[in-house]
Amino acid sequence: MACLRLPAAHALHPFPAGRTKTPFSKPLVSNPRFTSSLVASTMRFRWEDVMQVSHEDEDRRDLRGYFHKIRICNRGNESKTEFVPFVIEDQVVGFIHKGFVDHLKDFPGVFTCLLGNGDHRFDNGRVTLHESLSTPGERTRAVAGVIRCLGELIPGIRSEHYPVTSSFGVPAFFSLERAAAPYFGIKAYGVHMNGYVEINGQKFLWIGKRSQMKPTYPGMLDHLVAGGLPHGISCKENLIKECEEEAGIPRSISDCATSVGAISYMDIDGFRYKRDVLFCYDLKLPADFIPNNEDGEVDSFRLIPVDDVANIIRRYISPDDCGYLKLLQSLRSGDCC
């Protein structure tokens with residue numbers, strides 16, 4: 001297309017990733033590839049700040065902090081009327097902002113935009129693909145061409161594709177660039193895993209701090225392992241892959257991860273409509289396990305008591321000030337948390 005990662009906080013100290021020491025003495029693991037650049041960066045918080053928050057005295061029966069962050073994850077409900085359905089083969093697969101539809105109108109050979117046309121099923125109009133695009137391959141190539149043409153309107157292109165479906169597990173109508181998923185309002189799926197250890201009857205979670213180089217949520221807290229679910233791979237195989245890449249967990253260990261449920265949220269921000277579903281897993285790790293990031297996406301890890309992790313999440317902290325929000329996105333009930 002031509003176009004225009006048990007002890008109290010004071011005992012925690014840094015040491016290089018991959019060192020074969022037990023987690024009892026120095027359970028902070030840093031990624032040496034990014035340490036020097038992070039020292040020079042203007043990060044808004046440090047692990048010391050995180051640990052201070054985790055130990056501040058509060059009534060842990062007070063759940064308002066949790067509710068606040070759940071609201072943050074589900075912003076924009078009042079803006080739903082600004083979106084129209086994205087329909088393929090008479091199935092709603094997403095929602096597109098009317099303002100973004102204006103850009104898609106420039107590609108009539110790919111998109112058919114019907115706004116306010118009196119359709120009894122879609123009173124607010126709809127967007128579909130041109131009838132000539134009848135196969136998943138044709139649709140994938142055509143939409144990819146449009147995304148290239150839209151340029152900076154869709155930042156952070158990854159060349160990683162998500163399946164476009166009406167529901168999970170059914171055949172995909174086509175595949176869509178991951179960065180474009182919220183602009184088309186498709187459901188995007190991911191895997192999130194709690195990696196925990198038990199020491200003297202107490203559970204500790206390994207928590208990761210995302211690299212400052214990440215295009216999304218840089219420097220924020222995250223699960224030990226988490227990643228989007230691309231097209232053409234099962235949840236379990238994707239989890240095993242992410243375990244190796246993000247924390248250096250071999251298949252012989254990660255294959256024991258247990259599925260514990262799923263959570264979803266919907267977040268509207270401008271033209272972006274995020275409809276995410278996170279498949280959640282627990283994995284009990286050996287007490288002497290040390291995570292080692294392999295793909296450069298994690299700056300460091302910390303081993304933290306589960307109760308302290310809950311306190312970190314519950315504490316009210318503005319998302320503009322600190323990076324605790326990302327961890328909330330896979331809050332769920334289960335044995336570990």
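Summary of values
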{"read-out": "Distance in nm between pseudo-label sites at Asp123 and Val277 (7 Å out along the Cβ direction from Cα)", "value": "2.8 nm"}
{"read-out": "FRET efficiency, 1/(1 + (r/R0)^6) with R0 35 Å, evaluated for Glu138 and Thr216 via beta carbons", "value": "0.75"}
{"read-out": "The stretch 164-299, accessible surface, carbon-and-sulfur percent (1.4 angstrom probe)", "value": "49 percent"}
{"read-out": "Inter-label distance, nm, simple model (7 Å from Cα along the C-beta direction), Ser234/His55", "value": "4.5 nm"}
{"read-out": "Of the chymotrypsin sites (Phe, Trp or Tyr not before Pro) in the stretch 157-190, those whose Cβ has at most 16 other Cβ within 10 Å and which sit in DSSP loop", "value": "Phe168"}
{"read-out": "Accessible surface, 1.4 Å probe, highest first, among residues Thr81, Thr140, Thr135", "value": "Thr81, Thr135, Thr140"}
{"read-out": "Residues Leu115 and Arg148, FRET efficiency given R0 of 25 Å [Cβ-Cβ distance, rounded to 0.05]", "value": "0.50"}
{"read-out": "Probe 1.4 Å, all protein chains present, accessible-area order of Met193, Met213, largest first", "value": "Met213, Met193"}
{"read-out": "Inverse mean reciprocal Cα-Cα distance (Kirkwood Rh) of the stretch 156-252, Å", "value": "15.0 Å"}
{"read-out": "Residues of the stretch 203-308: accessible area per residue with a 1.4 Å probe, Å²", "value": "36 Å²"}
{"read-out": "Sequence of Arg272, Arg210, Arg46 when ordered by accessible area, the most exposed leading, probe 1.4 angstrom", "value": "Arg46, Arg272, Arg210"}
{"read-out": "Solvent-accessible area, 1.4 Å probe, carbon plus sulfur percent, for the stretch 50-138", "value": "50 percent"}
{"read-out": "Ile157 accessible area, 1.4 Å probe, all protein chains in place, Å² to nearest 10", "value": "90 Å²"}
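The values are calculated or read from the model by the stated rules, or taken from the named source; none is laboratory data. Since the model is a prediction, treat every value here as computed from it, not as a measurement. Please note: Cβ atoms are built from the backbone with ideal geometry, for glycine as well, and neighbour counts cover all protein chains shown. Heavy atoms of the whole protein, side chains included, go into the accessibility calculation; ligands, DNA and RNA do not. Shrake-Rupley method; radii C 1.70, N 1.55, O 1.52, S 1.80 Å.
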